[in-house]
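Right, one structure below, let's go through it.
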Amino acid sequence: MDAQTYRNRIETAVLDADYEPISDESTGEFEPVWHKQTEDPTIGVTEVFVTVIDSEGTDEEILTETSEAFRRQLSEMTPSEPSTMENLFGYVVFAVSEPSEELIQFATEEYTVADRRTSVFPLLYDLENETLHRHPVPRLKGRGFYEKQKLDAESLFSL
């Protein structure tokens, strides 16, 4: 599968799940971006943002820089109001042909996603093997955030 076909499938999945496309300059360098507000019994109200990156040649540095740039963009798009408790979630799905084991491990186990109750999860989709690599759910701390990521990944990005 090629990256554009995968992106089209993600677009269909997120629109079917009632995500709204954001089509203005607030998304910065990220396009397309889809958004949905959800409520999770464990972690509360979440603002969820999704983008897909055609990322041939991605390495650990590019993955980190792109994920951090998306985190910053989400913070700018949704400034917090005093006394509110919202959780920002971002999914940056990197569409890559045959990612290395080192990149998969870095993206799913070594990249730390929690930062002041804002989480951007880099996910790798292997275009050749049509396999999504997501973050494992830890046994204890932060389990709710990772469990949400797992469920979202299974329903939206594992096509």
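The values are calculated or read from the model by the stated rules, or taken from the named source; none is laboratory data. Since this is a predicted model, take the numbers as computed values, not measurements. Neighbour counts are summed over all protein chains in view; Cβ atoms, including those assigned to glycine, are modelled from backbone coordinates with ideal geometry. Note: accessible area is taken over every heavy atom of the protein model, side chains too, but ligands, DNA and RNA are not part of it. Shrake-Rupley method; radii C 1.70, N 1.55, O 1.52, S 1.80 Å.
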Plugging the Cβ-Cβ distance of Leu151 and Glu61 into 1/(1 + (r/R0)^6) at R0 = 22 Å yields, to the nearest 0.05, a FRET efficiency of 0.15
Mean-square fluctuation maximum in Gaussian network of the chain, Cα pairs under 10 Å, restricted to Pro136, Pro99, Pro122, hits Pro136
With the 1.4 Å probe rolled over protein heavy atoms, the chain has an accessible area per residue in Å² of 54 Å²
Heavy-atom accessible area of the chain with neighbours in place, 1.4 angstrom probe: carbon+sulfur share in percent works out to 44 percent
Once the dipole of region 1-83 is set up from charges on Cβ (+1 Lys and Arg, -1 Asp and Glu), the residue from the list Gln37, Ser26, Phe49 lying farthest towards its positive end is Gln37
Taking a label point 7 Å from the Cα of Thr78 along Cα-to-Cβ, the residues of region 6-34 whose backbone nitrogen sits under 14 Å from it are 19-22, 27, 33-34
So, relative contact order of region 3-157 in percent, Cα under 8 Å, 6 or more apart, is 21 percent
Calculating Rg and Dmax of the Cα atoms in Å from this structure picks out, from (1) 14.7, 46; (2) 19.3, 64; (3) 17.4, 57, entry (1)
Residues whose modelled amide H sits under 5 Å from the amide H of Asp40, counting only those 5 or more places away in sequence or on another chain, are Val45, Thr46
Subtracting the Cα-Cα distance of Lys36 and Leu15 from 0.36 nm times their residue separation yields 6.6 nm
